[in-house]
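Below are the structure tokens for one structure; questions will follow.
No lab work stands behind these numbers, since they all come straight from the coordinates. Just so it is clear, the model here is predicted, and its values are computed rather than measured. With ideal geometry, Cβ positions are generated from the backbone for all residues, glycine too; neighbour counts draw on all protein chains shown.
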Amino acid sequence: HVPTACARVDALRSHGYPREALRLAIAIVNTLRRQQQKQLEMFRTQKKAGPYSGLGEIIHRESVPMHTFAKYLFTSLLPHDAELAYKIALRAMRLLVLESAAPTGDLTRPHHIASVVPNRYPRWFTLSHIESQQCELASTMLTAAKGDVRRLETVLESIQKNIHSSSHIFKLAQDAFKIATLMDSLPDITLLKVSLELGLQVMRMTLSTLNWRRREMVRWLVTCATEVGVYALDSIMQSWFTLFTPTEATSIVATTVMSNSTIVRLHLDCHQQEKLASSARTLALQCAMKDPQNCALSALTLCEKDHIAFETAYQIVLDAATTGMSYTQLFTIARYMEHRGYPMRAYKLATLAMTHLNLSYNQDTHPAINDVLWACALSHSLGKNELAAIIPLVVKSVKCATVLSDILRRCTLTTPGVVGLHGRRNSGKLMSLDKAPLRQLLDATIGAYINTTHSRLTHISPRHYSEFIEFLSKARETFLMAHDGHIQFTQFIDNLKQIYKGKKKLMMLVRERFG
């Protein structure tokens, strides 16, 4: 290697080595120089260097890639013959083993190798290492081409044509961005655009594939577009569907674009801010239409300051509520609506969420219980009509006795002058359990306790007897809320003792507690 040999000569001279050693070292350097000149002459005159040359115009499939050698030649020749330097480097960028059958999608390991090369691999075939060398050559050219529009366009075309790994293209995009935004100079807008183009290529390559770096890539692309300028941000939002998933477009792209930091970074005036925000809202609504489950809440948030857009987003939620959204998603949006001061809309969404919910008798720790309690509290705070409307939905959706009894108890706590369920002061009389809407809830709760009791007794074991007795005690509290509750509970216990008289020890415990 020429640099290594020269360094050895210098070292030998400085350390006073014998003349014979110096003469041998110089001879080695001269030999390497002559050989290099011959190779360069072949490249300059476009002569073939044999069937295995990696720098000929036509290369053999098993020709060893010349990326590292070309990188050395490029850096050595650049100060003296830039045209030849770029010609060699660009020609060396080719990687025939991938060019021959490269599919249009992403080519990240390990799944693509067999599909790319159906025949046997060349003897030197180690794809990961070779692609890394190819990437280093491209990065070297990008660095050298800074400030030269023609060179940068040529290098960009070569990268887009010859590099097939999304991870390597992303690395080059990041390299170009770093070079373009060095702290000691103004940003190089041409190199920034090259960085953006490479980033856009990565987005398209990885859009339909599972890539663990996607979130990082999307955030980086928005940062790069911000550096390029407001028109770049507007452009990626206009064509978001070719670059991002709906979730990425709303939760990362549009949210970042509308952030204060972006506005400050771009020094936007009011007109520019509104134009960019309008594009972001349009994007958000399109994403909400395409994927309401994952994008509706983001769309509502992004459209808060525009009445028409917000109404459109809300209508999208209502349209999707009956078929395309789960109760968890609807409850989340309903809570958001209440927090933003839209309690009636929150109530509407909560009732829609209730229609999707189904809590069985033994799901007393289900995560949706808090949402059900919140929805009932919201309805209670809005008034008797709203509570009367939601209770039939609760009765239909919730079969868990302890949850129903909790709702019932909360609905009977409000009295004049006492802070109600929703943290607000309520006026009026205590709601009657003998009239609608609470009578239906009371009957349903008693029925749930009866059904749950029989279900538990079907497969009960002695170690659960004491827990069962406590459950009956809670049931009695609910029974006694009815005007004839004492009679109902007594009949219920008598029926248990008759039906399950074979469970002697358990029935003895029942008699001891309840008579």
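Structure shown: which of K396/K429; K290/K399; K396/K474; K71/K178; K348/K399; K399/K504 lie over 25 Å apart, alpha-carbon to alpha-carbon?
Those over the limit are K396/K429; K290/K399; K399/K504.
So for each of 344-351, 212-219 I average, over its residues, the number of other beta carbons within 10 Å; can you give me the resulting order with the highest mean first?
Descending packing order for the listed peptides: 344-351, 212-219.
Follow-up question, since we're still on this one. List the lysines whose Cα lies under 17 Å from the Cα of K275, skipping any in the same chain that are fewer than 8 positions away.
Counting by Cα, and skipping residues close in sequence, K275 has these lysines nearby: K305.
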